[in-house]
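Worksheet: the structure to be examined is printed underneath.
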Amino acid sequence: MTVKVGDEIPNGDLAYVPYSETEELSACTIPQPFKVHDQLKDKKVVIFAIPGAFTPTCTETHLPGFVKNYDALKAKGIDEVICVSVNDGFVMNAFGKVTGVKDKIIMVGDGSGAFTQALGLPLDLTARGLGVRSKRYAMIVDNLVIKYLGVEEGSDVKASSAEGVLAQL
């Protein structure tokens, strides 16, 4: 069953590497746990999911929109912006470095896809050689409660775009 507005976001164990301006691209820093409920309690956040790091739409459109609109999101009361993908924390760290998100966006990996499954938002891309990933979505979560959920069907980036989220704030 897919989560909906008004639901509490499922708890989950994700992985991330905290931003460091001195970390080299080639560094292989060990990801740390990102426990969803612990990290989001008493915060208003945007979580957006991409089907895969280093894929065209995710790299060229979806992620850059959130980087570009980061200040506008903060001005609307968002405490943190989080990008999640069914990739491991190492890949998400490298993806963040290459795309220049710096300390604006927390790049988290849902390596096993368990969090994505708990949300009810898996996307089976096995036929394209990518396995089971996440649907493209964005949500606004306020103190663990989902206030907005925009899930894309097909390759659009509208309801899950930074502009789409801003329109809901």
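The values are calculated or read from the model by the stated rules, or taken from the named source; none is laboratory data. Since this is a predicted model, take the numbers as computed values, not measurements. Note that each Cβ is placed from the backbone with ideal geometry, even for glycine, and that neighbours are counted across all protein chains shown. Please note that ligands, DNA and RNA were not included when accessible areas were found on the heavy atoms of the full protein model with its side chains. Shrake-Rupley method; radii C 1.70, N 1.55, O 1.52, S 1.80 Å.
Taking the Cα centre of the chain as reference, the dipole from Cβ charges on Lys and Arg (+1) and Asp and Glu (-1) amounts to some 280 debye. Site pair residue 125 and residue 11 shows an inter-label distance of 3.0 nm when each label is modelled 7 Å from Cα along Cα→Cβ.
Taking amide H as placed 1.01 Å from N in the peptide plane, the amide H of residue 82 sits under 5 Å from that of 46, 47, 48, 106, each at least 5 places away or on another chain. Karplus-based coupling profile of the stretch 143-155, in residue order and whole Hz: 6, 6, 9, 6, 9, 8, 9, x, 10, 8, 10, x, 9, with θ = phi - 60° in 6.51 cos²θ - 1.76 cosθ + 1.60 and x standing for Gly or Pro.
Over the chain, dividing the summed -39,500 (n - 2.57) contributions of all DSSP H runs of at least 4 residues by the number of residues returns a 222 nm mean residue ellipticity of -5500 deg cm²/dmol. Report the paramagnetic label zone for residue 168: residues of the stretch 110-137 whose backbone N is under 12 Å from a point 7 Å from Cα along the Cα-to-Cβ axis. Counting backbone N atoms under 12 Å from the label point, the list is 137. Go ahead and collect, in residue order, the members of the stretch 2-36 whose backbone nitrogen is under 12 Å from a label point 7 Å along the Cα-Cβ direction of residue 118. So the set is 8-15, 34-36. Recomputing Kirkwood radius over Cα pairs in Å from the coordinates shown identifies the correct label among (1) 17.6; (2) 15.7; (3) 17.2 as (2). Amide H contacts of residue 123 (H built 1.01 Å from N, in plane; Pro and chain starts excluded): 133, 134, 135 sit under 5 Å, all sequence-distant by 5 or more or on other chains.
Ordering 25, 168, 9 by the projection of their Cα atoms onto the charge dipole of the chain, which places +1 on the Cβ of Lys and Arg and -1 on the Cβ of Asp and Glu, puts 168 at the extreme positive end.
Put 128, 136 in order of accessible area, largest first, 1.4 Å probe: what do you get?
Numbers: 128 185, 136 25 Å².
Result of the area sort, largest leading: 128, 136.
Rounded to the nearest 5, what % of the DSSP beta bridges within the chain are antiparallel ones?
Working: 23 of 33 bridges.
Of those bridges, close to 70 percent are antiparallel.
On the chain, 50 percent of the accessible area sits on carbon and sulfur atoms, based on a 1.4 Å probe.
Once you charge only the Cβ atoms, +1 for Lys and Arg and -1 for Asp and Glu, what is the size of the charge dipole of the stretch 96-155 about its Cα centre, to the nearest 20 debye?
Working: 8 positive and 6 negative charges, 45 e Å.
Computed about the Cα centre, the dipole is about 220 debye.
Taking all protein chains as shown and a probe of 1.4 angstrom, residue 124 keeps an accessible surface of around 110 Å². Between the stretch 60-112 and the stretch 139-153, the alpha-carbon centres lie 16 Å apart. Summarising the amide proton neighbourhood of residue 145: residues at separation of 5 or more, or on other chains, whose placed amide H is nearer than 5 Å comprise 9.
Which entries of 68/102; 35/97; 68/158 show an alpha-carbon separation above 20 angstrom in the structure shown? Please list the in-between numbers first.
Details: 68/102 12 Å; 35/97 22 Å; 68/158 15 Å.
Long pairs (Cα-Cα over 20 Å): 35/97.
Phi angles across the stretch 84-101 convert, under the Karplus curve 6.51 cos²θ - 1.76 cosθ + 1.60 with θ = phi - 60°, into 3J(HN,Hα) values of 10, 8, 7, 9, 7, x, 5, 5, 5, 5, 4, 4, x, 5, 5, 8, x, 6 Hz, Gly and Pro given as x. Counting only aspartates and glutamates at least 8 places from residue 76 when in the same chain, those with an alpha carbon closer than 14 Å to its own are 142, 163. Spin-label model, residue 24 to residue 68: label points 7 Å out along the Cα-to-beta-carbon direction sit 3.4 nm apart. Charged side chains reduced to their Cβ positions (Lys and Arg at +1, Asp and Glu at -1) give the stretch 1-68 a dipole of some 280 debye around its Cα centre.
Counting only protein heavy atoms and a 1.4 Å probe, the chain has 49 square angstrom of accessible area per residue.
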